[in-house]
Amino acid sequence: MSGVRLENVYKRFGRMDAVIDFSLDIREGEFIILVGPSGCGKSTTLRMVAGLETISQGNVFIGDKLVNNMPPKKRNIAMVFQNYALYPHKNVYDNMAFGLRLRRHPKAEIERRVRDAAHILGIENLLQRRPDKLSGGQRQRVALGRAIVRKPEVFLLDEPLSNLDAKLRVHMRMELINLHKRLEATMIYVTHDQTEAMTMGDRIVIMKDGRTQQIGSPLEVFNRPANKFVAGFIGSPAMNYIECDVTSENDTLFFVAPGLKLAVPPQNVEACRKYGDRSLTVGIRPEYLHPAGHFAGADDGNTFSAVIEVVEPLGSESIVYFSVGELSIIGRMPSDIDMHPGQRMAVAVDMAKLHCFDPQSSDCVCHFC
């Protein structure tokens, strides 16, 4: 396996910049996730590593080899696509063996590699079937098997699970995680699904409009987002944003919005004091809102009154939509509490988990956690 390095990479389509100044150093054996909304440039970046898109500016290295002008077939990478890209007239064995035959590998070696990959993926009993006789999950395993037999330096996966149903996606995520551990492979994985990003990657690269917003471990980008976009994109339901004035009363600093007054913890006062003459955007994740009567840390400084608008039961918990004056706030609440639309509830905020953003730049200026 080899690492991958991208240095100040750009991709332009005419006058449009699809990828802007993208730099990333991927360690050998690392599982990297490129995540972001549709059109953010993540698939284009992957295709530049594969050689399927030319690079407008910058450099791409696989191992220590500069591959800017190297054709895809010489890069020793394997790509798994969203639509599987299997030959419909060939059976599973021939689909997996096809690339090796083109490279004129000995028949015995092809047999061994295909059988080994089929064993790893649990598809030994499917080798004589054609793709139209396979389920979506089985087709995806075949596509992975075709990549594995090549023994590439780098695996590139472009939204490989997006065509599967929700239950099968969860199962295939676990299979891919175990496959990565077993192969100790360098993998670059593109997805728009932040759940896949959080559960699978060693590091996540969050992109928007062709630019990198943040690179870090799943917990790092969740707990310490660089800006409002990252904070809102990672986490479900999305983070609540409240435009607050920062005011001081009797040596205590408060975040104040219509229907809301929250005391800033003493350890965070200095970071927020400089915003006393203007507003600050306070970010609160739904999971850090609690019914006041069920939160040991509830007090007058972190509690507000809200009216329940909608309750979405999810089994062990419920997603609850509140109105606080003109504000709409989402909370993730225990489902064993009696909640119904129109009910007024005292809601407590875990003040140790807030994030503060500059309203103009959207950058995070203070993490309370």
Quiz item: Can you name the condition, by its number, that Gly297 falls short on among (1) under 19 Å from Pro334 (Cβ atoms); (2) in contact with a Ser or Thr (Cβ under 7 Å, 6 or more places away or on another chain)?
Solution: (2)
Quiz prompt | Members of the range 135-151 that are assigned to a helix (DSSP H, G or I) and not small (Gly, Ala, Ser) | solution = Gln138, Arg139, Gln140, Arg141, Val142, Leu144, Arg146, Ile148
Quiz prompt | Matching entry among Met207, Met187, Met174 (being surrounded by fewer than 18 Cβ atoms within 10 Å (Cβ to Cβ) and either farther than 30 Å from Val347 by Cβ or at pLDDT 95 or above (or both)) | solution = Met174
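For every residue, the table says whether it meets (1) of a type in the set (Phe, Trp, Tyr); (2) under 13 Å from the mean Cα position of the chain (by Cα); (3) surrounded by 15 or more Cβ atoms within 10 Å (Cβ to Cβ).
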{"position": "Leu183", "(1), (2), (3)": "no, no, yes"}
{"position": "Thr191", "(1), (2), (3)": "no, yes, yes"}
{"position": "Arg203", "(1), (2), (3)": "no, yes, yes"}
{"position": "Phe222", "(1), (2), (3)": "yes, yes, yes"}
{"position": "Ala226", "(1), (2), (3)": "no, no, yes"}
{"position": "Asp251", "(1), (2), (3)": "no, no, no"}
Exercise. For Leu161, state whether it is in a loop (DSSP other than H, G, I, E, B) and of a type in the set (A, V, I, L, M, F, W, C).
Key: yes
Quiz item: Tell me, which residue of the range 66-80 that is modelled with pLDDT under 95 and surrounded by 17 or more Cβ atoms within 10 Å (Cβ to Cβ) is nearest to Leu164 (Cα to Cα)?
Solution: Val80
Practice problem: State whether the residues of the range 328-337 include one that is modelled with pLDDT under 95, within 21 Å of Asp245 (Cβ to Cβ) and in contact with a Phe, Trp or Tyr (Cβ under 6 Å, 6 or more places away or on another chain). | Solution: no
Quiz item: Looking only at the range 286-310, which residues are without any contact (Cβ under 8 Å) to a residue 40 or more places away in the chain, within 21 Å of Met239 (Cβ to Cβ) and out of contact with any Lys or Arg (no Cβ under 9 Å at 6 or more places or on another chain)?
Solution: Glu309, Val310
Quiz item: Only one residue in Gly99, Gly58, Gly63 is among the small types (Gly, Ala, Ser) and at pLDDT below 90, so which one is that?
Solution: Gly99
Quiz item: Considering the range 24-65 alone, what residues qualify as being buried (at least 18 other Cβ atoms within 10 Å of the Cβ), closer than 24 Å to Glu220 by Cβ and more than 17 Å from the chain's Cα centre (by Cα)?
Solution: Val49
Quiz prompt | Residues that are closer than 19 Å to Ala257 by Cβ and outside any strand (DSSP E or B), drawn from the range 299-334 | solution = Asp299, Asp300, Gly301, Asn302, Gly325, Glu326
Quiz item: If you scan the range 162-190, which residues turn out to be touching a residue at least 24 places away in the same chain (Cβ under 8 Å), farther than 19 Å from Arg139 by Cα and not small (Gly, Ala, Ser)?
Solution: Arg182, Leu183, Glu184, Thr186, Met187, Ile188
Self-check item: Flag if Arg101 is of a type in the set (Lys, Arg) and in contact (Cβ under 8 Å) with a residue 24 or more places away in the chain
Solution: no
Quiz item: Can you tell me how many residues in the range 336-361 are part of a loop (DSSP other than H, G, I, E, B), among the small types (Gly, Ala, Ser) and surrounded by 17 or more Cβ atoms within 10 Å (Cβ to Cβ)?
Solution: 0
Exercise. Run Glu196 past the list (1) surrounded by 21 or more Cβ atoms within 10 Å (Cβ to Cβ); (2) in a strand (DSSP E or B); (3) of a type in the set (D, E, K, R) and report the number of the one that doesn't hold.
Key: (2)
Quiz prompt | Top-ranked residue in the range 87-130 [being small (Gly, Ala, Ser) and touching a helix residue (DSSP H, G or I) at 6+ places or on another chain (Cβ under 8 Å); ranked as surrounded by the fewest Cβ atoms within 10 Å (Cβ to Cβ)] | solution = Gly122
Quiz item: Looking at the range 217-250, which of the residues that are in contact with a helix residue (DSSP H, G or I) (Cβ under 9 Å, 6 or more places away or on another chain) and in a strand (DSSP E or B) is modelled with the lowest pLDDT?
Solution: Ser248
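The values are calculated or read from the model by the stated rules, or taken from the named source; none is laboratory data. None of the values given here were measured: they were computed from a predicted structure. All Cβ positions, glycine included, derive from the backbone under ideal geometry; neighbour counts span all protein chains shown.
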